[in-house]
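Down below is the structure, laid out as structure tokens.
Values in this text are rule-based calculations from the coordinates and carry no lab data. Values in this document were obtained by computation on a predicted structure and should not be read as measured data. Neighbour counts run over all protein chains shown; Cβ positions are idealised from the backbone, glycine included.
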Amino acid sequence: MIRETVVTSLSPENTVHIAPMGIHLLKDEVLVMPFRPSLTLDNILATRHAVINYCDDVRVFAGCLTGRRDWPLVDAEQVPGRRLAGTLAHAELELARFEDDQTRPRLYCRVVHEASHAPFRGFNRAQFSVLEAAILVSRLHMLPRSKIEAELDYLRIGLDKTAGPSEREAWNWLMEKVEAFWREHPQGMNGQ
Ligand SMILES: Cc1cc2nc3c(=O)[nH]c(=O)nc-3n(C[C@H](O)[C@H](O)[C@H](O)COP(=O)(O)O)c2cc1C
């Protein structure tokens, strides 16, 4: 099962990097699979630690995809690193083993420490819409315009029915990015 989370990692110079990542929760380990090139990959290989943020503020996901990476952070408790101040829960990781791959290496990590900070208050369809739209935005260069538009039309239904202000703000950031991309590439990719 893949869980959509926010991974925070540190560079050797102690610069924090924040990136949405789908992580696999295995029996005893967490598997992180960044596509190359990836700063998250470079950081975890260099420092051997990362933090998984279980975060329901979808502005962080949309923000990272649209150049807004300055989110409030606090120190992790048992590993060198930082976590999102607003996360519901987090897990602190240590790299256990690395399987290299030209496209998508595998970082198998051990959970060193976990903590909860706020209750989970149920699912929200607009949050799903924003997450899916964020993934589409990360693939604008790969997908035909017709497919992106059809998927956004569907996602807008759940958004319009259930969004709060945060979801709406996150959605608007993503739509600004999509529109800027269409201005540069009116036909989308491959003229489709
Ligand atoms: C919900 C969601 C899940 C994502 N999962 C992954 C992932 O598993 N691996 C990955 O490389 N990028 C994933 N991305 C895209 C990255 O967040 C984005 O490309 C990021 O810049 C990764 O590169 P970085 O490590 O250099 O920041 C995801 C994006 C979203 C919105």
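So the values come out like this:
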| item | result |
| --- | --- |
| Gly81 long-range amide H proximity, modeled H, under 5 Å | Ala76 |
| The stretch 81-89 - phi-based ³J(HN,Hα) in whole Hz, Karplus 6.51/-1.76/1.60, Gly and Pro as x | x, 10, 10, 5, 4, x, 6, 5, 7 |
| For the chain: relative contact order, % (alpha-carbon pairs under 8 angstrom, 6 or more apart) | 20 percent |
| In the stretch 77-151, the trypsin sites (Lys or Arg not before Pro) that fall in loop regions by DSSP, at most 10 other Cβ within 10 Å | Arg121 |
| For the stretch 63-80, Karplus couplings with θ = phi - 60° (6.51, -1.76, 1.60), whole Hz, Gly/Pro x | x, 4, 7, 10, x, 10, 10, 9, 9, x, 10, 10, 5, 5, 8, 10, 10, x |
| Qualifying GluC sites (Glu not before Pro) for the stretch 1-77 [loop in DSSP, other Cβ within 10 Å: at most 13] | Glu13 |
| Leu143 long-range amide H proximity, modeled H, under 5 Å | none |
| Cα gyration tensor, the stretch 75-178 - rounded (a/c under 1.5), prolate or oblate | oblate |
| For the stretch 2-116, size of Cβ-based charge dipole, Lys and Arg +1, Asp and Glu -1, in debye | 220 debye |
| Residues whose placed amide H lies under 5 Å from that of His49, excluding near-sequence neighbours | Leu95 |
| Longest exposed-site-free window of the chain, the sites being chymotrypsin sites (Phe, Trp or Tyr not before Pro) in a DSSP loop that have at most 15 other C-beta atoms within 10 Å | 36-119 |
| Net charge dipole size for the stretch 66-192 [Lys, Arg +1 and Asp, Glu -1 on Cβ; Debye, nearest 20] | 200 debye |
| From phi via Karplus (6.51, -1.76, 1.60), per-residue ³J(HN,Hα) for the stretch 99-107 in Hz, x at Gly/Pro | 10, 6, 7, 5, 9, 9, x, 10, 10 |
